[in-house]
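Reviewing the structure listed below.
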Amino acid sequence: MTDRTLDLFTEAPPAQRVADSPSEANAPPAPRVWTVRQINRASRLLLEESLPRLWVGGEVTNFRRQRSGHCYFTLKDEAAQLRCVMFRRDAARLPADPDEGMTLRVFGGLTLYEARGVFQLIVSKLETESEGGMWKLAFDRLRARLDTEGLTDPGRKRPLPAFPGTVGIVTSPTSAALRDIVAVIARRAPWLRVVVRGTRVQGVGAGEEIAAAVSMLARVPGVDVVVVARGGGSIEDLWGFNEEAVARAVALSPVPVVSGVGHETDVTICDLVADLRAATPSAAAETVAPDRQWVAKRLDAMGQRLGRGLARQVRSRRWWLDQLGDSLFRRGRRRVQASRDRLDAARLQMAAAVRARIRRDGGRLSEAAAALDALSPLSTLARGYAVPLDRDGKLLRRTGDFPRGRDFRLRVLDGYVPCAATGRPVEAAANAAKQTTGDDRGK
Amino acid sequence: MANDVGLDARLKRIEEIVAALDSDTLDLDEALALFEEGVAHLGQAREMLARTELRVEELIGPEGDAVGEMRVGDDEGTGGRDDG
């Protein structure tokens, strides 16, 4: 031990040395005096070299986290105390500060802080004896706080849009999770627009990045829903999704957020605050991407309802016309009994009225019927379109192509129909105006 | 409505139209106009559904203000940077 100790002092020779010369051998040896610096250095090296890094168990007291990020605390048992320091680099990975009096085990190396002569343990890992360790402690604490604030309340959960236009995704840009999500959306709903904000999803600072990404995406115009995703991993790997910043960003998001973090059994704070928790990234993608077949069926059903709606309108007009006609005749008969002369006039009037009505609304009915046919999945001709052709097979398109008396043929679905233009053509746009003035002139 | 109208907005509009067609207060011109509008929405929605290629964009820059086209392929191998 003596030799070893001396080895430690190579850079610091004693202040006075016993002289080699025999003539001075009899003089009383001067005491060897060390500087404080030397002795602290020697002690530190002794400590560091003679004890390996080790686990120490005890009760924690006076845990303080400095603004610098370093943590200082004391570990004690019934008989002794040990000063401990955990530097920022390691302390930053600590999910929570331990409670006063909590039983801990810490891993680290013993040393002496030379400047103060203080004996201390430099801690690199800190764990609790309880199940789940510091992670569970931090999780439970944050969850309790969020529960109190109501952020995990099921009543806060917003429904996802059934037919989103744009989906925002927060995940690692090179991850399998992203590839899975994109594959699911491409298969189910390739018409969607997907906007990705890539982040780190583990390690110190991942939580802040994830939180910032959620806020960014929610602000992108058009984004209807945001997916936060990561594949499976250890609780330490998933820790970013358990950070308060993520919980806040998800809660504040103006659009619904789906969380698909880890595997089936992993539950994170992000999952609890999100509007929907999916078991995996792929499952999350399925919740935001409506299936193409389903949407197509939905559209077909809508088309049928539209058709039925219009048919109903048309039916109610027909019924109304019938009623009108009947009542006009009935009234007419009553008047016949009062005045035979007026009967003829009335009969003429009502006949004319009904004819006019039928002429007017009958046109509308055929238009309605044609519009209904447009829904039918038959070919163009089968939809009821007919193509007028002249004798040479040339297309006739405009009113000018139909002088009075002209013969032409109509091409319909299964053949040709001979036709003739029996009146003067009327241009469609000017239709209404011309009719009015024409009627006036006719009187 | 323009072509960039989302599926959701179109379906909502069609729902409104169907509800209107079920009411008795429309006159025939209105009913026809609504019906035609509904049919147009259906057509546009079907066109949208026929799209086959998924568009993926990436928000880039520290503030995420820029948008870039993103390729998410199988050619990047399995296991990403930090395997998310």
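Only one entry in A:L146, A:L151, A:L142 is part of a loop (DSSP other than H, G, I, E, B), surrounded by fewer than 22 Cβ atoms within 10 Å (Cβ to Cβ) and aliphatic (A, V, I, L, M), namely A:L151. No other residue among A:A96, A:A79, A:A92 is under 43 Å from the mean Cα position of the chain (by Cα) and either surrounded by 15 or more Cβ atoms within 10 Å (Cβ to Cβ) or without any contact (Cβ under 8 Å) to a residue 12 or more places away in the chain (or both) apart from A:A96.
Please verify whether A:L110 is in a strand (DSSP E or B) and either surrounded by 18 or more Cβ atoms within 10 Å (Cβ to Cβ) or not assigned by TED's automatic domain parsing to the domain that holds A:A186 (or both), treating the condition exactly as stated. Taking the combined requirement at face value, the residue satisfies it. Is it the case, given these coordinates, that A:A249 is within 14 Å of chain B (Cβ to nearest Cβ) and touching a strand residue (DSSP E or B) at 6+ places or on another chain (Cβ under 8 Å)? Taking the combined requirement at face value, the residue does not satisfy it.
Would the stretch A:252-263 turn up any residue that is part of a helix (DSSP H, G or I), over 30 Å from B:A45 (Cβ atoms) and within 12 Å of chain B (Cβ to nearest Cβ)?
No, the stretch A:252-263 contains no residue that is part of a helix (DSSP H, G or I), over 30 Å from B:A45 (Cβ atoms) and within 12 Å of chain B (Cβ to nearest Cβ).
Kindly evaluate A:L306 against the criterion of being buried (at least 22 other Cβ atoms within 10 Å of the Cβ) and within 13 Å of another protein chain (Cβ to nearest Cβ). Yes, satisfied. When B:V56, B:V67 are screened for being in contact with an Asp or Glu (Cβ under 6 Å, 6 or more places away or on another chain) and modelled with pLDDT of 80 or more, only B:V67 passes.
Residues in the stretch A:168-194 that are within 8 Å of chain B (Cβ to nearest Cβ), part of a strand (DSSP E or B) and either crowded, with 24+ Cβ neighbours inside 10 Å or among the polar types (S, T, N, Q) (or both): A:T171, A:V194. Selection of the stretch A:48-75 for residues being surrounded by 16 or more Cβ atoms within 10 Å (Cβ to Cβ) and over 48 Å from the mean Cα position of the chain (by Cα) yields an empty set. Answer yes or no: is there a residue in the stretch A:223-241 that is away from chain B (no Cβ under 13 Å) and either touching a Pro at 6+ places or on another chain (Cβ under 8 Å) or farther than 24 Å from A:A183 by Cα (or both). Within the stretch A:223-241, one or more residues are away from chain B (no Cβ under 13 Å) and either touching a Pro at 6+ places or on another chain (Cβ under 8 Å) or farther than 24 Å from A:A183 by Cα (or both). Restricting attention to the stretch B:30-55, which residues are at the interface with chain A (Cβ under 7 Å from one of its Cβ atoms) and over 15 Å from the mean Cα position of the chain (by Cα)? The answer is B:A31, B:L32, B:F35, B:E36, B:G38, B:V39. All conditions in (1) closer than 25 Å to A:R143 by Cα; (2) within 10 Å of chain B (Cβ to nearest Cβ); (3) touching a residue at least 24 places away in the same chain (Cβ under 8 Å) hold for A:G198, with the sole exception of (1). What do you reckon, is A:D266 within 12 Å of chain B (Cβ to nearest Cβ) and out of contact with any Asp or Glu (no Cβ under 7 Å at 6 or more places or on another chain)? No, not satisfied.
Just checking, which of A:D361, A:D401, A:D390 is at pLDDT 65 or above and within 54 Å of the chain's Cα centre (by Cα)?
A:D361
Go through the residues of the stretch B:20-29 one by one and say whether even a single one is outside any helix (DSSP H, G or I), of a type in the set (A, V, I, L, M, F, W, C) and within 8 Å of chain A (Cβ to nearest Cβ). Yes: one or more hits. Which of the residues that make up the stretch A:205-220 are out of contact with any Phe, Trp or Tyr (no Cβ under 9 Å at 6 or more places or on another chain) and either more than 11 Å from every other protein chain (Cβ to nearest Cβ) or in contact (Cβ under 8 Å) with a residue 40 or more places away in the chain (or both)? Answer for the stretch A:205-220, where residues must be out of contact with any Phe, Trp or Tyr (no Cβ under 9 Å at 6 or more places or on another chain) and either more than 11 Å from every other protein chain (Cβ to nearest Cβ) or in contact (Cβ under 8 Å) with a residue 40 or more places away in the chain (or both): A:G205, A:E208, A:A211, A:A213, A:V214, A:L217, A:A218, A:V220.
Quick one: is B:E30 of a type in the set (D, E, K, R), in contact (Cβ under 8 Å) with a residue 24 or more places away in the chain and surrounded by 13 or more Cβ atoms within 10 Å (Cβ to Cβ)? Spelling it out, it is not the case that B:E30 is of a type in the set (D, E, K, R), in contact (Cβ under 8 Å) with a residue 24 or more places away in the chain and surrounded by 13 or more Cβ atoms within 10 Å (Cβ to Cβ).
Examine the stretch B:3-10 for a residue that is facing chain A (nearest Cβ under 7 Å), more than 11 Å from the chain's Cα centre (by Cα) and assigned to a helix (DSSP H, G or I), and state whether such a residue exists. No, the stretch B:3-10 contains no residue that is facing chain A (nearest Cβ under 7 Å), more than 11 Å from the chain's Cα centre (by Cα) and assigned to a helix (DSSP H, G or I).
The values are calculated or read from the model by the stated rules, or taken from the named source; none is laboratory data. No experiment lies behind these values; they were computed from the predicted model shown. Note that we place each Cβ from the backbone using ideal geometry, even for glycine, and neighbour counts take in every protein chain shown.
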